[in-house]
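Everything on this sheet refers to the single structure shown next.
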Amino acid sequence: MSAADPELMQRARQGLYWRLMSALFEQGDAAPNLESLARELANTTDLPVELLDPKVTVDVLVHRFPKLKPEFSRPLPGFEPPTPDGEAQQPSEGPTDLKSTVQRALVVSKLLLNAFGPNTQGSVTAQQYGAWARDVEWLEGRWGCRRGRCGRAAMRRARGRRRAGAARRRDRRSATTSSRPAWRRSRPT
C-alpha cells in the first residue's frame with residue numbers, strides 16, 4: 001500500500017479515533033495496541049510524539065513545534081466562519097496524503113483529550129486549571145468561536161432560558177390566582 005492509498009488513510013484515521021474514544025472513556029489500558037499504533041503513525045509521518053501525551057498542553061506544542069500552529073488554528077469541517085457576504089463557506093478539502101490525515105486526526109484528538117479527557121477529572125491546581133482553560137480556548141477556536149466566547153455564550157443562553165422560564169411560571173401563577181385582592185390571598189379563608 002502506498003502513502004496516498006485511501007484505504008490506508010481510512011484505517012489510520014479509524015485507528016486514531018478509536019484511540020481517542022478509548023482514552024476519553026479511560027479504557028486506554030484495555031487497548032495498548034491503539035497507543036502503539038498512534039505512536040508508530042506519528043513516527044512514520046515525522047510528527048512529534050508529544051501530540052500523544054495528554055499532559056502536554058497545546059500552548060507548549062505550538063511553541064515547540066511552530067509548524068503545527070496552522071493545524072491547531074484551522075476550523076474544524078463544518079465550523080468555517082461565514083464569508084464577508086454572510087454566505088456559508090465551502091468546507092475545506094480533506095487531507096489527501098497519509099501525513100496530513102494522521103496530523104489532522106492527532107490534532108483533533110489532542111484538542112478533545114486535553115479538554116474532556118481523563119486528565120480533566122479530580123482535584124487540580126490553579127496552574128493546571130489555567131493550562132486546561134487555554135486548551136479549551138484552542139478547541140473553541142477550532143469550533144469557529146472567538147477564544148473564551150463559546151462557553152460564555154452558552155451560559156448567557158442558559159441564563160436567558162432560565163429567566164424566561166421563571167417569567168412564564170410567574171405569569172401562570174398570576175393567571176391562576178383568584179380575583180381576590182393580594183392582602184386577602186395570604187389569609188386563610
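Any read-out appearing in this document is the output of simple, stated calculations on the displayed coordinates, not a laboratory observation. Here the structure is a predicted model, which means the values were calculated and not measured. Neighbour counts are summed over all protein chains in view; Cβ atoms, including those assigned to glycine, are modelled from backbone coordinates with ideal geometry.
Numbers below:
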item: Cα-based convex hull, the range 6-153, per residue volume (Å³, whole number); result: 123
item: Among 73-85, 103-115, the order from most to least packed when residues are scored by Cβ within 10 Å on average; result: 103-115, 73-85
item: Cα pair distances exceeding 17 angstrom across the range 1-83, given as percent; result: 60
item: Residue-wise HN-Hα coupling along the range 51-57, computed from phi with Karplus coefficients 6.51, -1.76, 1.60 (Hz; x: Gly, Pro); result: 4, 8, 7, x, 8, 7, 7
item: Segments 27-36, 121-130 sorted - mean Cβ within 10 Å per residue, highest first; result: 27-36, 121-130
item: Full-stretch length increase - ARG146, ASP5 - with 0.36 nm per residue and alpha-carbon distance subtracted; result: 47.1 nm
